[in-house]
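So the structure is just underneath, and the comments pick up after that.
The values are calculated or read from the model by the stated rules, or taken from the named source; none is laboratory data. Predicted model, so just to flag it, every value in this text is computed and none were measured. Backbone-built Cβ (ideal geometry, glycine too); neighbour counts: all protein chains shown. Calculation scope for accessible area: heavy atoms of the full protein, side chains included, ligands and nucleic acids excluded. Shrake-Rupley method; radii C 1.70, N 1.55, O 1.52, S 1.80 Å.
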Amino acid sequence: MDTPVTPPSIYIDLEGMNLGREGRISTIQIFLYPHIHVYLVDIHTLGATAFNHATTTGTTLRSILESFMIPKVFFDVRNDSAAMFHQYQVELAGVHDLQVMEMGIRPHPGKYLAGLRKCISRDVPMTQADKANWSATKEIGKTLFSPQHGGSFEVFEARPLPEEIVQYYVQDVLFLPKMWQIYNQALTPTSRERVEIEVKNRVRLSQSSQFIGKGSHLVLAPQLWETVPECPSSWL
């Protein structure tokens, strides 16, 4: 695969029904940078074929995801990794996790992890118009899939996908490259080592039968950092 590795070229997010160890993957969103193109891989329709179909050079999506030499960037890889491993036996490697990187750059780590929405709105520079468009796209998507907003997660398995959901998917990965650049630049050698250890721990735990992908424990900071209590609402 002829793409740069520094900065990473592949930014990934998954959506699905009860996404995790026991749920179903609907779609994988892959943002190729710097080409500025988002690909949607229809796992609901293709199943294992999506991971195993080979190009003329023998490359598969599985081989890319499992390669230590090809960096892949996620935001909170845990349920994405659990879903791919337990449903399709994909053993992720070469993972960068932006949620852990954000933890690593804090001067005072605190007790709680930050959510994607918080990180984008707080850390990614954008114009007011871009921010308004991003926020509106996210809210429209929620009305279609969130039961709390009158939607249903079953929309993720509708084919063809509603255009509002396609745009929601795109927004989830569009800002990840800039976030990686900001966080990567701010990491110290010590915090970078901690981040790498924690990301490997996350992937390993997500592939175990003991992994629980729902619950308040998912917002707690890694034990690798000395924590100081903070209000979780300021980060989530």
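Worth pointing out:
- All lysines inside 23 Å of Lys200 as judged from Cα atoms, apart from same-chain residues fewer than 8 positions distant: Lys72, Lys111, Lys178, Lys214
- Loop-located chymotrypsin sites (Phe, Trp or Tyr not before Pro) across the stretch 16-87 with a Cβ neighbour count of 15 or fewer within 10 Å are Phe68, with loop assigned by DSSP.
- Apportionment of accessible area to carbon and sulfur, the stretch 55-153, percent (1.4 Å): 57
- For Lys142, the lysines whose Cα comes closer than 18 Å to its Cα, not counting residues fewer than 8 places off in the same chain, are Lys118, Lys131.
- Solvent-accessible heavy-atom area per residue, rounded to whole Å², over the chain at 1.4 Å: 50
- Spin-label model, Glu154 to Leu32: label points 7 Å out along the Cα-to-beta-carbon direction sit 3.5 nm apart.
- In terms of its C-alpha gyration tensor, the stretch 1-118 comes out oblate, because a/c is 1.5 or above while a/b does not outweigh b/c.
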